[in-house]
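The values are calculated or read from the model by the stated rules, or taken from the named source; none is laboratory data. All values reported here derive from a predicted model rather than from experimental measurement. Quick reminder, even Gly has a Cβ in these numbers, built from the backbone with ideal geometry, and neighbours come from all protein chains shown. Side chains included, ligands, DNA and RNA excluded: accessible areas come from the protein's heavy atoms. Shrake-Rupley method; radii C 1.70, N 1.55, O 1.52, S 1.80 Å.
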Amino acid sequence: MKIKNFILVLFILLSINLSAQTGQNVRGFVVDKESQFPLIGVNVIVGESGTLGTSSDIDGSFKITQVPIGRQTIKFSYLGYEDVILSDIIINSGKETILNIEMEESVVEIKEVVISARRNGDVANEMATVSAREFSVQETNRYAGSRGEPARMASNFAGVQGADDSRNDVVIRGNTPAGVLWRLDGVNIPNPNHFTIPGTGGGSVTILNNKFLKNSDFFTGAFPAEYANGIAGVFDLKMRNGNNENHEFSGQLGFLGTELMAEGPLSKTSKSSYLATYRYSSLQLFTGLGIDVGTDAIPKYQDASFRINFPRQNGGNIALFGIGGVSDIDILISEEEAPSTETLIYGSNDRDQYFGSKMGMLGLTYSQPLDESSYIKATIAASHSSVTAYHEYIDRSVVEGLFVVNDKIPILDYTFNENKYSAYFNYVKKLNKKTSLKIGLNADLLGVDYQDKGKSINIDLSNPDTVSFGEWRNRWNAQDLIPLLQPFAQAKFRFNENLSMVAGFTALYFGINNISLSPVEPRLGFSYKLDDKQKLGLGIGLHSQIQAPYLYYYGSQVDNDGQAIASNLNNIGLVKSLHLVGSYDRLLGPVSRLKAEIYYQHLYDLPVAASGSSFSLINSGAGFSRFFPEELTVGGNGRNYGLELTVERFFTKGYYFLVTTSLFDSKYKTLENVWRNTSFNGRYAINALIAKEWVFKKGSSLNLGTKITNVGGGWYGEVDLDQSRLQQDVIYQDATVNTLKFRPYFRQDVKVAYKINTQKITHEIAIDIVNVFDTENILKKTFAPDHPEGPVVDEFQLGRLPLFYYRIDF
């Protein structure tokens, strides 16, 4: 009955206003790329015929009415500037299409012919020469298996892969996921995910709603000088403004969340606008309605975002913005009725776990072109992140095939809080058409409060069923206030229309100890156009990053008062990474291209075990567990090198494809001076995406897409069973760590989406089936003493997962 009612409601929604919508408005602004000053008289043409178009006005704004529904190509041209060509722009009846375009001045004289153009996927940051790509909201929705998330979408790009199907951590060129830097409107932000673990780069579900993002940049190596405190990659996210002429609304019901969005003008006179989104966990909603979702461990989460924008003269803006989310889950094995052969991806098999996380950020940004050649931007922000956990060990026995709980013993209680106050400033000066300069400063003040206590679980190996517990011991008890400073300067020199160079430097200071300083980090890049279709790139730079702050304060020992002694506070500093990247780009035609990159990374000052064991923090940053490091020192090294190939066809004539291949090697060594595989050394990764779209009458369309992923398996070692039983976790024999390899990972995803454009309303229904063949991929070894094949068994990645959503825009 509930399914019938749902179908009835959906039919009514789809039946609303079914007359066809023939066109929609396309409007926006065009500015100079460096100075952000509005450009007057830019020609804007829709399609190849040139019959539909307009020019930008004195404010750089343009508006084209009655643009046909569907996918369109839009070209921007201006005398003395390089063309901008955007293909695959989706025009829907339910929302206006708003484009903010940045055009780069040509270095050739006006009398010469300018034939170069910026196209889809070209990075917006003018200082990037290699290993960079712009991504759009459309891409986060388009790719099968991406779930609307920037991180999962990025795993389709060359050199990038996921670490765990149950999480959205990304592994870039064999680096730890913790090496990824997240930025929003210029400031560094905490991990923007639900169910985060301290020191990781991802989570189970993103807090970032793709509906509030505009086109943003993603870097995988040798990034420009304005980015510091990251050694693997950068997500440079940009928040869009709301519609300043019309009120628009959107609603979505799906497996991953029930969403609402509203945007519109605050004042049509001043052109101020608002944008707000909210999402609530659908599984929690379904459970509240009495619908059985197949598990009692329901992930509960909600998130929201907003942006209020106030335009100023000559392209200036003041905006107040914020994002935030809360999540929690209770995994209660005490409610299991009988032994099972399943292992828990999200928990342990011997305890009840109560887990929660929070993340929030509030910011104010000001941007203003000072004149036709200079521009400033400043942002201040405050952010908070916290993680809490409480565990109870379950003492139970089996009576007549059923579990009987004898006792629940508290064994873990921790709360980690981080508050950060951030400021960002940059000044851009276009000295002439060939040379531009950018200088700035990123400053953070980090306040931490880490509290943790736990009990040891003692196992008698002669009688494994006998378990005792130690006394409570403080492992973290730290409050601190730490500054982080990053000044930068960079310049771009365009010698002619073919050759350009970017040079700059940055520095990084972290005030936690006297060894966390990198005084000069040079960055250098070159770009050379061989002809109209081919381009070479070179990038080199030194990069550094702090460790996850909680790791500095772990106390492996306590003082006379029972308080944790932060034994690594003064032992570890900044991780350093030297990047060298070469690239080759070639247009294979008007709608397709090939890109190849070769790279080498040398990592040093890696924190490793002072005892000389195989332990290194280079293997951290993913999963659902914190690290409890022994005494560390900075004597480790690492090296990553590889070759990447991308062949891409843009979405034209009803289909697109993207094929990426990566061959790489990622190794590290500790004080023992033995090169080992890192935990992320898959050695190869292949992704293939293809989609076909059929367009029907009255503006409806059907899109069918698939993604195939094949990645080298993860690493493990020979299990030390006695130590594993004593520590209730999988412990490998140290000499064999990361010497054995799991079988390769394979997964195919399929997405089907049907869209209906009616009079001023757009409906979309989609199903995204992750791991459509239910392939069993091994994630890791896990300790499961109650498992029939235990105590150490294989833990598998997620099986088949059908995700659906229905969205309406109006």
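Worth pointing out:
- Given (1) open to solvent by 20 Å² or more (accessible area, probe 1.4 Å); (2) more than 23 Å from residue 146 (Cβ to Cβ); (3) not in a strand (DSSP E or B), index of the condition residue 798 fails: (2)
- Checked against (1) surrounded by 20 or more Cβ atoms within 10 Å (Cβ to Cβ); (2) at pLDDT below 95; (3) over 24 Å from residue 24 (Cβ atoms), residue 691 passes all but condition (3).
- Single match in 454, 525 (criterion: within 24 Å of residue 103 (Cα to Cα) and touching a strand residue (DSSP E or B) at 6+ places or on another chain (Cβ under 8 Å)): 525
- Only a single item in (1) among the hydroxyl-bearing types (Ser, Thr, Tyr); (2) modelled with pLDDT of 95 or more; (3) surrounded by 15 or more Cβ atoms within 10 Å (Cβ to Cβ) is not met by residue 604, and it is number (3).
- Selection from region 628-637 of residues that are in contact (Cβ under 8 Å) with a residue 60 or more places away in the chain, crowded, with 18+ Cβ neighbours inside 10 Å and under 28 Å from the mean Cα position of the chain (by Cα): 629
- Of all residues in region 527-551, those being farther than 30 Å from residue 625 by Cβ and part of a strand (DSSP E or B) number 12.
- Test: residue in region 134-143 that is modelled with pLDDT of 85 or more, surrounded by fewer than 22 Cβ atoms within 10 Å (Cβ to Cβ) and either farther than 25 Å from residue 596 by Cα or in contact with a Gly (Cβ under 7 Å, 6 or more places away or on another chain) (or both): yes
- Set 29, 6, 11: member being among the hydrophobic types (A, V, I, L, M, F, W, C), at pLDDT 90 or above and closer than 29 Å to residue 810 by Cβ: 29
- If you check 743, 725 for being touching a Leu at 6+ places or on another chain (Cβ under 8 Å), open to solvent by 30 Å² or more (accessible area, probe 1.4 Å) and basic (Lys, Arg), only one passes: 725.
- When the criteria are applied in full, residue 520 meets the requirement of being β-branched (Val, Ile, Thr) and open to solvent by 70 Å² or more (accessible area, probe 1.4 Å).
- Failed item in (1) touching a residue at least 24 places away in the same chain (Cβ under 8 Å); (2) of a type in the set (A, V, I, L, M); (3) assigned to a strand (DSSP E or B), with residue 622 passing the rest: (3)
- Among residues of region 182-205, those that are in a strand (DSSP E or B) and open to solvent by 10 Å² or more (accessible area, probe 1.4 Å), counted: 3
- Among the numbered conditions (1) modelled with pLDDT of 90 or more; (2) touching an Asp or Glu at 6+ places or on another chain (Cβ under 6 Å), the only one that residue 226 does not meet is (2).
- For region 660-677, the criterion of being in a strand (DSSP E or B) and open to solvent by 50 Å² or more (accessible area, probe 1.4 Å) is met by at least one residue.
- Residue match in region 717-726 (condition: within 25 Å of the chain's Cα centre (by Cα), closer than 30 Å to residue 401 by Cα and either not β-branched (Val, Ile, Thr) or not in a loop (DSSP other than H, G, I, E, B) (or both)): no
- Meets criteria (open to solvent by 30 Å² or more (accessible area, probe 1.4 Å), touching a strand residue (DSSP E or B) at 6+ places or on another chain (Cβ under 7 Å), outside any loop (DSSP other than H, G, I, E, B) and of a type outside the set (Asp, Glu)) for residue 428: no
- Checked against the criteria, residue 383 counts as touching a residue at least 24 places away in the same chain (Cβ under 8 Å) and buried (at least 19 other Cβ atoms within 10 Å of the Cβ).
- Residues satisfying the stated conditions in region 211-224, i.e. assigned to a helix (DSSP H, G or I) and open to solvent by 10 Å² or more (accessible area, probe 1.4 Å): 211
- Restricting 465, 480, 444, 531 to those that are farther than 16 Å from residue 126 by Cβ, out of contact with any helix residue (DSSP H, G or I) (no Cβ under 7 Å at 6 or more places or on another chain), of a type in the set (D, E, K, R) and open to solvent by less than 40 Å² (accessible area, probe 1.4 Å) reduces the list to 444.
- Matching residues, region 490-500, being assigned to a strand (DSSP E or B) and surrounded by fewer than 17 Cβ atoms within 10 Å (Cβ to Cβ): 493, 499
- Identity of the residue in region 639-657, out of contact with any Lys or Arg (no Cβ under 7 Å at 6 or more places or on another chain) and at pLDDT 95 or above, that ends up surrounded by the fewest Cβ atoms within 10 Å (Cβ to Cβ): 643
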